[in-house]
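Everything below concerns the one structure shown next.
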Amino acid sequence: MMDTNLDARNYTDLLKHYIATQDETALYGAEQISKAFIKKNILPEEIVNLHIQALLEIYPELHEQIHISMNFLLEAMISYGLAHQEFQQLREKQVELKSEIHVAASMQQMLLQSEIPKTEELDIGVISVPANQMNGDYHHFVKGKDGSIGIAIADVIGKGIPAALSMSMIKYAMDSFPENVMATNAILASLNRVVERNVDPSMFITMFYAQYKPATGTLYYSSAGHEPGFYYQQQTQEFQEIEAKGLVLGVNPTTTYTQYELQLEKDDMIILLTDGVTECRKDGQFIERDEVLEVIRTYMHLPAQEAVNRVYKHFERLQDFQLRDDFTLVIVKKVV
């Protein structure tokens with residue numbers, strides 16, 4: 001309730017003056033007293049009650065219907081005050097949650113960052129942009145002591161914080177593997193057991209893992225239900241899908257995977273991506289995979305990093321700068 005009679009007296013005097021004169025200076029006075037109410041955390045229903053008391057003092061013979069209507073307003077303001085308090089509490093929690101998610105997203109970005117390995121044979125470019133604050137896509141590079149290059153790309157079937165946590169788990173599981181000596185299918189089989197044991201049954205992870213061996217120019221690869229990538233052969237100047245079968249991670253702990261291989265020649269390219277690339281929309285419809293290849297062909301003469309950046313900018317504009325899914329694209333060019 002009001003802590004002194006001063007606010008009530010001031011309010012009554014201002015109201016009486018305004019009713020008599022409609023002078024705007026009284027409205028200024030009302031603005032100042034409202035600020036005082038805010039500082040003292042006066043509730044809306046207390047202000048309404050103050051107004052009723054002021055009216056009764058100014059008009060002792062206040063019409064009964066008006067008096068009843070003001071009591072109705074008072075009850076409405078009590079309900080409003082409670083709802084407003086609840087709204088403010090929810091808003092504060094939302095701000096706090098957004099802040100925590102921002103911190104978590106920054107930590108995830110730091111934890112999952114993977115430097116592109118330096119190699120004379122390959123020009124590698126990558127871009128990974130989350131649709132929201134947390135990224136459900138993952139990419140990883142590793143350079144073995146023998147000069148081999150490991151390349152991973154994954155996508156969680158699921159979004160938000162659970163997907164991001166799953167990606168972090170995949171990252172640390174991979175860090176524990178001697179990747180340069182393990183076959184690509186063995187790595188996926190090991191990760192599959194980790195996911196099956198530790199990820200909620202409603203979530204699955206698709207993944208493509210490849211290893212390039214510079215001694216032979218061979219690319220070995222395996223897939224766990226991941227979006228098919230593309231192989232560009234300079235000799236024919238044609239793109240073809242990289243065919244690789246395999247069950248998504250986390251379904252069956254005993255699943256085995258097949259290792260495939262490609263012989264890469266100078267100026268050949270490997271394009272790896274997530275479905276955030278192939279499921280971009282134009283005029284409300286999913287684009288065709290051929291359109292993705294047309295855009296890549298437009299920029300593939302550029303250095304790999306510049307090429308992936310240009311491709312992303314193209315599809316970002318196509319979707320009015322509003323990604324509907326995490327967007328990850330990797331281009332690998334054999335330059336010698």
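The values are calculated or read from the model by the stated rules, or taken from the named source; none is laboratory data. Model, not experiment: these values are computed from the prediction. Don't worry about glycine lacking a Cβ; one is built from the backbone with ideal geometry, like all the others, and counts go over all protein chains shown.
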Does the range 37-51 hold any residues that are over 18 Å from Lys16 (Cβ atoms) and either within 42 Å of the chain's Cα centre (by Cα) or polar (S, T, N, Q) (or both), and which are they? Phe37, Ile38, Lys39, Lys40, Asn41, Ile42, Leu43, Pro44, Glu45
Here are Leu27, Leu62: which of them is farther than 20 Å from Gly81 by Cα, outside any helix (DSSP H, G or I) and out of contact with any Gly (no Cβ under 7 Å at 6 or more places or on another chain)? Leu62
Are any residues in the range 39-49 of a type outside the set (A, V, I, L, M, F, W, C), touching a residue at least 12 places away in the same chain (Cβ under 8 Å) and assigned to a loop (DSSP other than H, G, I, E, B), and if so, which ones? Lys40
Note on the range 172-182: residues under 26 Å from Lys333 (Cα atoms), part of a helix (DSSP H, G or I) and at pLDDT 80 or above are Met174
Give the residue, chosen from Asn135, Asn192, that is out of contact with any His (no Cβ under 8 Å at 6 or more places or on another chain) and modelled with pLDDT under 75. Asn135
When Val335 is run through (1) at pLDDT below 90; (2) farther than 21 Å from Asp155 by Cα; (3) aliphatic (A, V, I, L, M), the failure sits at (1)
Within 23 Å of Gly81 (Cα to Cα), assigned to a helix (DSSP H, G or I) and not charged (D, E, K, R), is that true of Ile52? yes
Could you please let me know if Leu122 is surrounded by fewer than 16 Cβ atoms within 10 Å (Cβ to Cβ), modelled with pLDDT of 75 or more, over 22 Å from Ala8 (Cα atoms) and under 43 Å from the mean Cα position of the chain (by Cα)? no
Would you check if there is a residue in the range 168-179 being β-branched (Val, Ile, Thr), more than 21 Å from the chain's Cα centre (by Cα) and at negative phi? no
Could you please find all residues in the range 183-218 being in a strand (DSSP E or B) and surrounded by 24 or more Cβ atoms within 10 Å (Cβ to Cβ)? Ile205, Met207, Phe208, Tyr209, Ala210, Gln211, Tyr212
